[in-house]
Amino acid sequence: MAPLSFAVFGHPIKHSVSPPIHRAFAEQFGIALEYRAIDAAPAEFNDAVQQFFADAGRGANVTLPHKAAAFALADDRSEAATRVGTANVLTRLPDGRLAAHNTDGAGMVRDMTERHGIALRSKSVLMLGAGGAARGVAWNLLDAGVQTLTIVNRSRASADALAGLIDDAERVQSHDWQQLAELGCFDLIVHATSAGVLGEALPLPTSLVDEHTIGYDLSYGAAAAGFLAWAKSAGARQAVDGLGMLLETAADTFALWHGQRPQTEPVYQSMRRQTA
Ligand code: NDP
């Protein structure tokens, strides 16, 4: 029997670690699968996805810049995908239709709370960035009981738009990047910009941090180095990257496709050693 066929779509996609993660998860259960990385430019995305599923593809992860297109393409959408308006998972249903899911937010919260012991209830949270990733995790922070969520983005309009979409004026505010120095300090700072990936500097005031502050970067590896170094030098209690989020998000996807939940910790430790 041919192995089950899966893929991740992105542009660029060469450096994706999703294929080895899914292969490592599959080994835990003796599942034979093929998992490819497919580079599709935005204009080619819809055709490439349709072709993949027509060729017996079972499921696909979707990353930058295709998450909104994946959501639009689907016939059926989970609640988490619908409120965010983007999808990081497409699954072929038995009747051939495509289902969209978004596992980013749940994966991040599980990584924070279960792997890193970060308590979220009643905390004040600053989110830097209002792009796809920030949007993907914002509701989950509120579901987890944070007291306030302050969204600050380089382009103020996107921060306002996200706060408006969430529509929880009691807990959610948006501000200008230029106002960062006036906001005081936070229990948790979630770094959700792509500045690290792009190799761009991210000037941040140390007044955002006190000895209780935790810094969490959605990026990992070299892309997270700048923010984590800033958080530590500003005096943060803890500063962690998004490698665990990546694993937890992938584990949710794997469970969706295979009906079995993999152990993330051995894969996390192995990847941690490789990126050290
Ligand atoms: P988007 O392109 O959708 O958004 C980029 C965001 O970064 C925007 O808010 C943008 O602001 C901001 N930004 C970019 N450059 C700068 C800069 N120099 N200074 C300040 N702000 C800047 O990207 P995503 O939201 O999808 O991804 C963001 C990060 O999250 C990436 O590093 C990605 O790798 C990571 N990620 C990690 C995941 C994981 O599982 N660990 C999952 C998903 C994402 P503006 O609106 O002004 O342009």
Per principal axis, largest first, the Cα atoms of region 4-102 extend in Å by 34, 29, 25
Within region 193-219, the residues whose backbone N lies under 20 Å from a label point placed 7 Å from the Cα of A119 along the Cα-to-Cβ direction are 209-216
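Test of understanding: what is the full-extension gain from L64 to H212, defined as 0.36 nm times their sequence separation minus their Cα-Cα distance?
Values: separation 148, 0.36 × 148 = 53.28 nm, distance 3.31 nm.
Computed gain between L64 and H212 is 50.0 nm.
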Distribution output for the chain: share of Cα-Cα pairs per 10 Å bin in percent, first bin at 0, values 7, 29, 35, 21, 7, 1, 0
If every Lys and Arg gets +1 and every Asp and Glu gets -1 at its Cβ, then about the Cα centre region 105-243 yields a dipole, in debye to the nearest 20, of 200
Taking a probe of 1.4 Å and leaving out DNA, RNA and ligands, region 4-102 shows per residue an accessible area in Å² of 48
Averaged per residue, the 1.4 Å probe accessible area of region 105-243, protein heavy atoms only, in Å², is roughly 43
Helix 156-166 sits off the longest principal axis of the Cα atoms of the chain, rounded to the nearest 10 on a 0 to 90 degree scale, by 70
With Cα coordinates, the longest principal axis of the chain makes an angle with the long axis of helix 243-258, in degrees rounded to 10, of 30
Simple spin-label estimate for S270/K14, 7 Å along Cα→Cβ, in nm, reads 2.5
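Ordered by packing density, taken as the mean number of other Cβ atoms within 10 Å over each peptide's residues, highest first, how do 101-112, 237-248 rank?
Values: 101-112: 24.8, 237-248: 22.4.
The packing order, highest mean first, is 101-112, 237-248.
Could you tell me what fraction of 2.2 N^0.38 Å the Cα radius of gyration of region 105-243 comes to, as a two-decimal ratio? Mind showing how you got there, number by number?
Details: Rg = 13.4 Å, N = 139, 2.2 N^0.38 = 14.3 Å.
My calculation over the Cα atoms of region 105-243 gives 0.93.
Can you show me the helix-derived [θ] at 222 nm for the chain, built from DSSP H runs with n ≥ 4 at -39,500 (n - 2.57) apiece and divided by the number of residues, rounded to the nearest 500. Working shown, then result.
On the way: 11 runs with 109 residues, N = 276.
Rounded to the nearest 500, it is -11500 deg cm²/dmol.
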Karplus-derived 3J(HN,Hα) from phi for region 197-208 (6.51 cos²θ - 1.76 cosθ + 1.60, θ = phi - 60°), whole Hz, x at Gly and Pro, runs 5, 7, x, 9, 6, 10, x, 10, x, 6, 5, 6
For the chain, whose charge dipole is built from +1 on Lys and Arg Cβ atoms and -1 on Asp and Glu Cβ atoms, the candidate among A74, M108, L165 with its Cα farthest towards the positive end is M108
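Give, rounded to the nearest 20 debye, the magnitude of the charge dipole that the chain has about its Cα centre when Lys and Arg contribute +1 at Cβ and Asp and Glu contribute -1 at Cβ. List each step's numbers first, then the result.
Numbers: 22 positive and 29 negative charges, 89 e Å.
The calculation lands at about 420 debye.
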So, relative contact order of region 4-102 in percent, Cα under 8 Å, 6 or more apart, is 27
A 1.4 Å probe over the protein heavy atoms gives region 86-223 a carbon and sulfur accessible-area percentage of 49
Per principal axis, largest first, the Cα atoms of region 62-169 extend in Å by 44, 34, 22
As straight-line cross-link partners of K67, the qualifying lysines (C-alpha separation under 30 Å, not fewer than 8 residues apart within one chain) are K14, K123
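The values are calculated or read from the model by the stated rules, or taken from the named source; none is laboratory data. Since this is a predicted model, take the numbers as computed values, not measurements. Ideal geometry is used to build each Cβ from the backbone, glycine not excepted, and the neighbour counts take in all protein chains shown. Each accessible area value is taken on the protein alone, full model and side chains, heavy atoms only, with ligands, DNA and RNA left out. Shrake-Rupley method; radii C 1.70, N 1.55, O 1.52, S 1.80 Å.
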